[in-house]
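Okay, structure first, notes after.
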Amino acid sequence: MTATSPPPILATEGVTKRFGGVVAVDGVSIGIQAGTVTGLIGPNGSGKSTLFRLVSGEIPPDSGRVLLRGEAVQGRGASEINRLGIGRTFQLSRLYPQMSALENLVAVTRAPAAVAQARAMDVLEFVGLTALADEYAANLSYGQQKLVEFARVLVNDPDVILLDEPFAGVNPAMEERIIDRVHDLRRAGKTFLITDHEMRLIMALCSRLVVLDHGELIADGTPQAVRADPKVIEAYFGS
Amino acid sequence: MGTDLATAAQVVVSGLLLGGLYALLAGGLTLVFGVMRVINLAHGELLMLGAYVACLLFAATGLNPIVALLVSIPVLFVVGAVTQRFVVNRVVNAPLLTSLLLTYGLSLVVTGTAQAVWTNDYRSVPFITGGFALGEVSISRPRLLAFAVSLVLTGAAHVFLTRTRWGKAMRATAQNADVALACGIDIDRARMLAFGIASALAGAAGTLVSFLYSVYPEMGRAFMLKAFAVIVLGGLGSFPGALIGAMILGVVEAGAAYLSTTQIAEAVIYIMLLAMLLVRPHGLLGTAER
Amino acid sequence: MVAASVTGLAARRLTSGYTAAMVLLGVGVSLLPLMVSNYILTFVLQALMACALAGSWNLISGFTGYVSFGHAAFFGLGAYAAGIAIAKAAVPAPVAIASAAIVAGCAGLCLGYPALRLRGPYFAVGMLGVAEALRVGITVAEPVTGGGRGLVMPPQDVLLPAYFSMLALVVLIVAITRAVATRPVGLRLLAIREDEVAAEVTGIQTTRLKLVAFATSATLAGVAGGIYAWHMSYIDPTTVFAGSLTVRAIAMTMLGGQGTVFGPVIGSVVLSVIGEVTWARFPFLHNAVSGALIVVIVLFIPRGVTGVLQDRGVLPRSRTL
């Protein structure tokens, strides 16, 4: 990285969110460069999920800003933020169960109706699910559901992709497929923010890790540096 | 200008007397919601059944409606517990809309059957009438009696919920059914008990209503909507909240009825219900959802 | 995999056969006036009206899962808009029905805008309150509406034109539903029903879609009310704002299958016939039967007849059904 690195594509500035008396996210500032894969890690309850929801617009922050390409987008609503170019998956996949895999993509695509189907099929092919296009989401295996949800995010070609525990409960073959696709997309200029508890995979995938604990940012750096950081070790293994 | 003050006092007193009855009715609705996340749209029909118990007993034996409480409370408790056990329990973990549709269907079944059996005729129970003056405020005797009984029953239910082992089991079920189950609480029975008590409270409210208003098969709808407005106002699932909400609603209704007509007062309540829903669209559950 | 799913050529044949059967039903109903008595015609007109209410309810509630317990409000508003136009301004029927559409549609927009911000269950109860408030409002506005005694229009025999108008409305509703169901917009509406948060996060403009669906639904229900007022030449608040109108629309749609094209048609045919049979003998059990049916459907066949047939492999899983 040079001294004059380009402005981050996605940034949070002092973002804070409280639930009742609990501060779930406490003044977190992170800047993420385009075309990178960043891991967001931390113990359970550290605020990762809340930060995802704040960035994707599901909930507004109590204070602080969320910037996409330098423009403040907090409080705009999830639908608009998605349209501006941030897509996310969920920890427990949230497909529309009574729709086929293909329909799940067609439902959300913003391609014109005439080509919606073709666009959806292309994306399903990209994640290797062509054969399951007509299967109902409720009948898919856990790993397949995660892949369809990933595809559903990709169908509108977002610049920033948030993956919430993409590897939880996924078999090794599927893990590999997800990792390959993330690398493909990163090379094509996409930006990723990924949470997971599977450190082996996070270390392999990410060029940078940010660590949350009790809603606060406690470390930010290369995987090697973060792994050696005493504060991180304390957060994971301390009382 | 003493008359303005007297009028205001009159409205507040009438409203509070009404509110006591609403609290009794809404207490059950909020209890069922709190324990199993079900909005029981048949709650008004339970009130209607309680009113008919009093009417029929009075017609047959001339029984005092206050004594009829000794019948309506256990009868409605059983009706509620059985309904919970065999019907509502099947949808407790389903989305809220499923149970909403189910209880809506149940309310139609009860109303329709009541129409077939008891006809659409209006009935009433001539019981104590009249009133007395307290300064410039006149107080209706039957309403005061209904208010007093309502408060006693609501208070008894509250004590049961907070002080007894079964009450605590119910509240544990309300907080987290899985944990309650793991702690050895029979959650099916806790839910049956909750629904039974809620029905008994609604039935008692109905018995009290029988000597205040006309009794007819479709009387439940308006009461259910008011009870719902009360618990939205007081916070869904909160028993003390229901008491406060009921008092507010009672005073608003009495005020609107004084300023216009009873009919418009009804409309005001419904608009208030919608307005309250809108002011706190997500905040209905007390705090913001996590 | 689904055990017995119908696929390929067989599915296409079944789908077109099913659609053809529905078209035949429509043709049969339109030829009926040549063959039967006015008594039967009046019964079929009522069934068509029920079908229009069920079909319009399905557009918002069946697709998005926003169950409206106040659908009768729009029927009632439409009936009063047309009724007042006929009684006070003596306008021709098409103008009266157009004003019904406009009033109900505008009410749908104005009420939907705030009400659709409520999550499903609160929306349902809120709409119940709205319908009651409107009924009271119409009753109170006695100088214009005639109040509780009702509104009397000059009597005229319009059975046949009313019949064909209602039939045209039903065909229009089915056509709209089919157009919606077979395009991505139908899937977007279903996505709201399946998981509204996920729909938002995937960029679906849920608020706008719900509002358009709701206003369309209200407009169509209002037209049904307008035709009813024109046909009956007498309306009163208790009849046109009756909760039972909403109840039957819900029961019919749920029976046939929510969020399907022909579900409301199937449901209204079945329930109208059952209703006609039970109505004469047990007038008050009519509502109870609808209620019992809702209970049974919720407990045992939540996806309705269409869903059951699709799960059993009798019908293909096509969105055009």
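The values are calculated or read from the model by the stated rules, or taken from the named source; none is laboratory data. These numbers were taken from a predicted model, which means no experiment stands behind them. Every residue, glycine as well, gets a Cβ built from its backbone with ideal geometry; the counts of neighbours run over all protein chains shown. Just so you know, the surface numbers come from the protein's heavy atoms only, side chains and all, with ligands and any DNA or RNA stripped out. Shrake-Rupley method; radii C 1.70, N 1.55, O 1.52, S 1.80 Å.
I'm a student and want to see the number: the projected area of the Cα convex hull of the stretch A:107-239, averaged over all directions, in nm². Display every interim value, and only then the final one.
Values: hull surface 38.7 nm².
For the stretch A:107-239, the mean projected area of the Cα convex hull comes to 9.7 nm².
Mind running the shape call on chain A? Use the C-alpha gyration tensor, a ≥ b ≥ c as the square roots of the eigenvalues: rounded below 1.5 for a/c, prolate if a/b tops b/c, oblate otherwise. Let's see the in-between values first.
On the way: a/c = 1.66, a/b = 1.47, b/c = 1.13.
Since a/c reaches 1.5 and a/b is larger than b/c, the shape of chain A is classed as prolate.
With each run of n ≥ 4 DSSP H residues scored as -39500 (n - 2.57), what mean residue ellipticity at 222 nm is computed for chain A after dividing by its residue count and rounding to the nearest 500 deg cm²/dmol? Each step should come with its number before you reach the end.
Working: 9 runs with 88 residues, N = 239.
Here the helix-only value at 222 nm equals -10500 deg cm²/dmol.
Please list the non-local residues whose amide H lies under 5 Å from the amide H of B:Gly237, H modeled 1.01 Å from N, same-chain partners needing a gap of 5 or more.
Placed amide hydrogens put B:Gly34 under 5 Å from B:Gly237.
How tilted is helix B:2-36 with respect to the longest principal axis of chain B? Cα atoms for both, answer in degrees (0 to 90, nearest 10).
The two axes meet at around 20 degrees.
Given a 1.4 Å probe and the protein chains all in place, what does the accessible area of B:Trp118 round to, in Å² to the nearest 10?
60
How much accessible area does C:Met35 have with a 1.4 Å probe, in Å² rounded to the nearest 10?
In the full protein context, C:Met35 sits at about 130 Å².
For labels at B:Arg141 and B:Cys183 in the simple 7 Å Cα→Cβ model, what's the distance in nm?
Output for this residue pair reads 4.9 nm.
Can you give the angle from 0 to 90° between the axis of helix C:93-115 and the longest principal axis of chain C, with both taken from C-alpha atoms, to the nearest 10?
60
From the phi of every residue in the stretch A:21-26, what ³J(HN,Hα) in whole Hz does the Karplus formula 6.51 cos²θ - 1.76 cosθ + 1.60 yield, where θ is phi - 60° and glycine or proline is x?
In residue order, the calculated couplings are x, 8, 8, 7, 9, 10 Hz.
Where in the stretch C:86-121 does the amide nitrogen come within less than 20 Å of the point 7 Å from the Cα of C:Tyr234, taken along Cα to Cβ?
The answer is C:86-90, whose backbone nitrogens lie closer than 20 Å to the label point.
Put a dot 7 Å past each Cα toward the Cβ at B:Ala133 and C:Ala21; how far apart are the dots in nm?
Using points 7 Å along Cα→Cβ, the separation is 7.6 nm.
Let me spell out the model: positive unit charges on the Cβ of Lys and Arg, negative unit charges on the Cβ of Asp and Glu, origin at the Cα centre of the stretch A:10-237. What dipole size does that give, in debye rounded to 20? If you can, show how the numbers build up before the last one.
Numbers: 23 positive and 27 negative charges, 71 e Å.
Charge dipole of the stretch A:10-237: 340 debye, to the nearest 20.
From Cα coordinates alone, what are the radius of gyration and Dmax values for chain C in angstrom?
My reading of the Cα-based Rg and Dmax gives 19.3, 64 Å.
With every protein chain left in place, what is the accessible area of C:Glu142 in Å² (1.4 Å probe, nearest 10)?
80
Angle between the Cα long axis of helix A:142-154 and the longest principal axis of chain A, 0 to 90 degrees, nearest 10?
Orientation of helix A:142-154: about 90 degrees from the principal axis.
Hey, if we sort C:Val270, B:Val87 by accessible area with the 1.4 Å probe, largest down, what's the order? Write out the running numbers ahead of the final one.
Values: C:Val270 60, B:Val87 30 Å².
Ranked list, largest accessible area first: C:Val270, B:Val87.
For chain C, what does the helix formula give at 222 nm: sum of -39500 (n - 2.57) over DSSP H segments with n ≥ 4, over the residue count, nearest 500 deg cm²/dmol?
-24500 deg cm²/dmol, from helical runs alone.
Where Lys and Arg each count +1 and Asp and Glu each count -1, what net charge lies around B:Arg191 among other residues with Cβ under 15 Å from its Cβ?
Working: positive: B:Arg37, B:Arg85, B:Arg90, B:Lys168, B:Arg171, B:Arg189; negative: B:Asp178, B:Asp186, B:Asp188.
Once positives and negatives cancel, what remains is +3.
Mind listing the Cα extents of the protein assembly as shown along all three principal axes, in Å, largest one first?
89, 72, 54
Mind listing the long-range amide H neighbours of C:Gln205? Cut-off is under 5 Å, sequence gap 5 or more, other chains count too, H placed in the peptide plane at 1.01 Å from N.
Here the answer is none, since no amide H 5 or more places off falls under 5 Å of that of C:Gln205.
Taking θ = phi - 60°, what integer Hz values does the Karplus form 6.51 cos²θ - 1.76 cosθ + 1.60 yield along the stretch C:130-145, in sequence order, with x for Gly and Pro?
4, 4, 5, 4, 5, 4, 4, x, 5, 5, 6, 6, 4, x, 8, 9
Let me check I have the definition right: for chain B, take the eigenvalues of the Cα gyration tensor, multiply each by 5, take square roots. What are those semi-axes in whole Å, largest first?
Numbers: eigenvalues 183, 105, 64 Å².
So the equivalent ellipsoid measures 30, 23, 18 Å along its semi-axes.
Work out from phi, with θ = phi - 60° and the Karplus expression 6.51 cos²θ - 1.76 cosθ + 1.60, the ³J(HN,Hα) of each residue of the stretch C:16-28, listed in order in whole Hz, and give x for Gly and Pro.
Computed from phi, the couplings for the stretch C:16-28 are 5, x, 5, 4, 4, 4, 5, 5, 4, 4, x, 4, x Hz.
Skipping prolines and chain starts, which residues have an amide H placed within reach, meaning under 5 Å, of the one on A:Phe90, given they are 5 or more residues away or on another chain?
A:Asp164
Which one of B:Ala200, B:Ile128, B:Val251 is farthest out on the positive end of the charge dipole of chain B, using unit charges on Cβ (Lys, Arg +1; Asp, Glu -1) and the Cα centre as origin?
Comparing the listed Cα positions along the dipole, B:Ala200 ranks first.
Put B:Asp121, C:Asp236 in order of accessible area, largest first, 1.4 Å probe: what do you get? Present the calculation step by step, with values, prior to reporting the outcome.
Details: B:Asp121 95, C:Asp236 25 Å².
Correct descending sequence by accessible area is B:Asp121, C:Asp236.
Tell me what chain B gives for mean residue ellipticity at 222 nm when only DSSP H runs of n ≥ 4 count, each as -39,500 (n - 2.57), the sum divided by the residue total, rounded to 500 deg cm²/dmol.
Working: 11 runs with 216 residues, N = 290.
Calculated at 222 nm, the ellipticity per residue is -25500 deg cm²/dmol.
Summing Lys, Arg as +1 and Asp, Glu as -1, what charge do residues with Cβ under 11 Å from the Cβ of A:Ala34 carry, A:Ala34 excluded? It would help to have the intermediate numbers written out before the result.
Values: positive: A:Arg69, A:Arg186, A:Lys190; negative: A:Asp159.
Overall, the nearby charge balance is +2.
At 1.4 Å probe size, put A:His183, B:His43, A:His214 in order of accessible surface, largest to smallest. Intermediate results must be reported in sequence, preceding the final value.
Numbers: A:His183 50, B:His43 0, A:His214 140 Å².
Largest accessible area first, the residues go A:His214, A:His183, B:His43.
Using a/c under 1.5 as the rounded threshold, could you call the stretch B:128-256 rounded, prolate or oblate? The axes a ≥ b ≥ c are square roots of the C-alpha gyration tensor eigenvalues, and prolate needs a/b larger than b/c, oblate otherwise. Write out the running numbers ahead of the final one.
Details: a/c = 2.20, a/b = 2.17, b/c = 1.01.
Here the stretch B:128-256 falls in the prolate category.
How much accessible area per residue does the protein assembly as shown have, counting only protein heavy atoms and a probe of 1.4 Å, in square angstrom? Intermediate results must be reported in sequence, preceding the final value.
Details: 33990 Å² over 850 residues.
Computed with neighbouring chains in place, this is 40 Å² per residue.
Could you tell me which of rounded, prolate or oblate describes the stretch C:1-136, using a ≥ b ≥ c as the square roots of the eigenvalues of the alpha-carbon gyration tensor, with rounded for a/c under 1.5 and, failing that, prolate when a/b is larger than b/c and oblate otherwise? Walk me through the numbers before you get to the answer.
Details: a/c = 2.70, a/b = 1.21, b/c = 2.23.
Oblate shape, in that a/c is at least 1.5 and b/c is the bigger or equal ratio.
Can you count the Lys pairs in chain A with C-alpha separation below 20 Å, eight or more apart or on different chains?
Details: A:Lys17/A:Lys48; A:Lys48/A:Lys146; A:Lys48/A:Lys231; A:Lys146/A:Lys190.
For chain A, qualifying lysine pairs total 4.
Summing Lys, Arg as +1 and Asp, Glu as -1, what charge do residues with Cβ under 13 Å from the Cβ of A:Arg200 carry, A:Arg200 excluded? Show your work: numbers first, answer last.
Working: positive: A:Arg227; negative: A:Glu175, A:Glu176, A:Asp196, A:Glu198.
The answer is -3.
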